[in-house]
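Here is the structure we will look at.
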Amino acid sequence: MNLTRDRVYSIGWATILLVCFVLTVALTLRVNAVKSQVHQADKRIVAVQQDIAFLETEFQTRSNQQQLKLLNDVEFGYGAPTAEQYLEGERQLLALGKAVGPNAPAPLLYAHDDGSAAPEKDTGNSLLAMVSPVTGASAAAATVNGPEAAERRKLARDAANLSQRLARIELPQASQQ
Amino acid sequence: MNAYSAITAHGGLSIPTTVSGGRRKLANVRQRALLVAKWRTLWVLAGFTIVGVCAMARITWLGLVGAAAPAFNPADALLPQRAEIVDRQGVPLAREFRVYSLWYNPRAMTEGSPLIHSPREVAEGLHRIFPDLDVTETAAKLASGKAQYLRKSILPEEANRVHALGEPALEYPQEATRYYPQGSMAAHVLGYVDSFGKGQVGMEQAFDKQLTSADGRGQPAVLSIDYRVQGALEDELGRGMKLSAAKGAAGVVLDVDTGEVLALASLPSFDPNRVQPTDMMISPEQARMGEVPHGFNRVTNQVYELGSTFKPITVAAALDAGTITDLGRRWPAAPLHIAGFTIHDDENMGSSLNVPETLIHSSNIVSAQIGDELGGKRLKAKLEALGFNQRPSIELPARGFPIWAKGEWPRLRTMTVSFGHGVAVTPLHLASAYAALVNGGVWRPSTLRKLDPADVPAGRQVFSPATSARLRQLLRMIVVYGTGRKANAEGFRIGGKTGSAEKPGVGGYRKHSLITTFAAAFPMDKPRYVVVATMDEPQGTEATSFQRTAAWNAAPVVGRVVPRIGPILGIMPDNTRDIDISDLLPLIPHGSGND
């Protein structure tokens, strides 16, 4: 059998082709095996998610508001905290300072909640209550934009912070001196 | 020897052929048998080869193109058939829950009897697992040979025990059902899903399309309800109902600036997980007695004459119209005789009253005069602006139509409406009206959807802001000095008005059947929430000091609800704040300014 150069090349190409084909088939088999594993994993994920949902629901049912109320009634007897248990700002702190003496005038009360207790939650509701001095119309329906609104919000925010408020008082005093 | 004798007898050579012929025949037979056996072996081999080649081809094919599994998407598999309903904090109030059911499938066994044991034995086995199961009925079901449910919603451990019975015909498929983890809480808001998968009564019905649509299923429907507030309101209403031996109770908590309903409760309630036919229907006798089914929503569907809670609205309308310019003006408080009808007060409160005193002591006589001076036209227009002439604006399907007189009101009707008789509205109407009274005068429709701040409706200006500011002072005074004292939770600056109205019955008002209401808002220095509590036919009990009016049953409920919900909603009690009522204090006898 005489092996010419061309023949060797042909056999070589054919061998390479065969090897490639075998490798392709092997790879395809492997890919499909992995696909099948992914499919199985997906199914397991779904099953686990369903289990989680089941357990969540069970937990929610066992800890639902009515159950907690029963538990509280029987075991703990907690009630809603009273006003004395809250200390919101420096004004309430100040009120703790000294007991009101006999015949002393009633302590001054803040007549309006300016929203300074929770400035970061201010969604502009305090502005909604503002009224035009000219038309008497409420600002509720009007949208407030522009630098004035920003300044107003800043003031409300600063009012919550004692140090910033003091800084604001000091500044005009400093300019007068 | 036989062969030899044959040669000699014939004188020639003759070869006996019997033996050799038999051998050849035998050899042929043997060869043929061998051939057949070979062929058979070949056939078997060929059969095996074909099967093997087929199997290999199939395996290779499967390996190359993948198993022809149905397209599987985990996201689709986890998508519920009906979207969740969550509260404003994202806590699920209604969700899909997969439960086991007990299903009898007589075709599970392909041959012979569908059951291994007798139907009676199987039924007895099931009875040991489910003690409330009827053995005879179940045995009949099993014997009938029809595929059917034996039981719905069984526990996993019960499913295991059914499996241990060893009957292939007893199957326990997992099925998606609607489940309400909070039980009967907010039942009237949520409603329920019937056996056909259709939403009924509450938001399940209102949102039915959205909840089941392809786009809507993935997203939970967010309600404006806060389940903690809802729980507190239901607790306290239930407690108040027990203490006053009332037939029913209703309550609502409303955001004054947006119209969002934070809680809406109607008692007695029902459990949407186990809806009984009696929850939705009552007998004609019960209906005649004035009873309503538990599924009936008293907040949005039942209209009541809400009595004295209308008086602040009358005063606000008069302030707006300019018929009251001086709150210190005194009005005669002697019983009024109009068109053969006498308007009187429950007790004598002096010969004359000014406006703050009228509200503090809840005088019908002076309210009637204020309404009379205002005129029916203007009072009617104001009440129409508050939406009292139409169904309440809410998404729920059950919305009651007010009892509302059309046309021009005669003088007597104007006077009775001014103290809350002659017009019947739902407690939700009243809550929206009170929100407008205290929020600067803007009426907004109430909603059960959680609103983005940008989506809050602009509403309509019903009262002037100055009137609203005055009303805040007056409502606070009622709670500090008047009939609402039992609602004065310390530090929460509650303001509100009591109302006790006699229920209409056959042949006029029934003196001993009251509807008592307390409509309140807090904190009065910057109102954020309106709370309305209504009691249906409260009785005078020891707990209510044998009193039946709103001051003794509805007001204490609000007084207990507010401290529970205030801190949750970001309103902290504060004894160093209150609304300034100092300019009105000189108008009331004990209001020296110091108490």
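The values are calculated or read from the model by the stated rules, or taken from the named source; none is laboratory data. If you're wondering where the values come from, they're calculated on a predicted model, not measured in any experiment. Every residue, glycine among them, receives a Cβ derived from its backbone with ideal geometry; neighbour counts consider all protein chains shown.
Of the residues that sit in the range B:190-213 and are in a helix (DSSP H, G or I), under 16 Å from the mean Cα position of the chain (by Cα) and away from every other protein chain (no Cβ under 14 Å), which one is nearest to B:R151 (Cα to Cα)?
From the range B:190-213, those in a helix (DSSP H, G or I) are B:190, B:203-206, B:208-212; that's our starting set.
From what is left, the residues that are under 16 Å from the mean Cα position of the chain (by Cα) are B:190, B:203-206, B:208, B:211.
This time we only want the ones that are away from every other protein chain (no Cβ under 14 Å), so: B:203-206, B:208, B:211.
On the way: B:M203: 28, B:E204: 25, B:Q205: 27, B:A206: 30, B:D208: 27, B:L211: 27 Å.
Per the criteria, the residue is B:E204.
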Test: residue in the range B:104-124 that is surrounded by 15 or more Cβ atoms within 10 Å (Cβ to Cβ), within 14 Å of another protein chain (Cβ to nearest Cβ), part of a strand (DSSP E or B) and among the hydroxyl-bearing types (S, T, Y): no
Determine whether the range B:90-103 contains at least one residue that is surrounded by fewer than 17 Cβ atoms within 10 Å (Cβ to Cβ) and assigned to a helix (DSSP H, G or I). no
Pull out all pairs, ordered by first then second residue, where Cβ-Cβ is under 8 Å, the residues are six or more apart or on different chains, the first lies in the range B:235-250 and is not assigned by TED's automatic domain parsing to the domain that holds B:A431 and at pLDDT 90 or above, and the second is of a type in the set (D, E, K, R) and assigned to a strand (DSSP E or B). none
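Just checking, does the range B:431-438 include any residue being at pLDDT 90 or above, under 28 Å from the mean Cα position of the chain (by Cα), surrounded by fewer than 24 Cβ atoms within 10 Å (Cβ to Cβ) and away from chain A (no Cβ under 14 Å)?
No: the range B:431-438 contains no residue that is at pLDDT 90 or above, under 28 Å from the mean Cα position of the chain (by Cα), surrounded by fewer than 24 Cβ atoms within 10 Å (Cβ to Cβ) and away from chain A (no Cβ under 14 Å).
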Residue check for B:P131: part of a loop (DSSP other than H, G, I, E, B) and over 29 Å from B:V193 (Cβ atoms): no
Within the range B:383-421, how many residues turn out to be at positive phi and among the acidic types (D, E)? 0
Give me the residue from the range B:202-224 that is closer than 19 Å to B:G90 by Cα and of a type in the set (G, A, S) and, out of that set, surrounded by the fewest Cβ atoms within 10 Å (Cβ to Cβ). B:G218
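Just to be sure I understand, how many residues within the range B:271-300 are in a loop (DSSP other than H, G, I, E, B) and surrounded by fewer than 22 Cβ atoms within 10 Å (Cβ to Cβ)?
15
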Whether any residue in the range B:192-209 is touching a residue at least 24 places away in the same chain (Cβ under 8 Å), aliphatic (A, V, I, L, M) and touching a Ser or Thr at 6+ places or on another chain (Cβ under 7 Å) is what I want to check. no
Does any residue of the range B:502-525 turn out to be surrounded by fewer than 24 Cβ atoms within 10 Å (Cβ to Cβ), within 14 Å of chain A (Cβ to nearest Cβ), over 22 Å from B:S418 (Cβ atoms) and touching a strand residue (DSSP E or B) at 6+ places or on another chain (Cβ under 9 Å)? yes
List the pairs whose first member sits in the range B:455-468 and is more than 8 Å from chain A (Cβ to nearest Cβ), whose second member is part of a loop (DSSP other than H, G, I, E, B) and among the charged types (D, E, K, R), and whose Cβ atoms are under 7 Å apart, counting only residues at least 6 apart or on separate chains? B:P457/B:R444
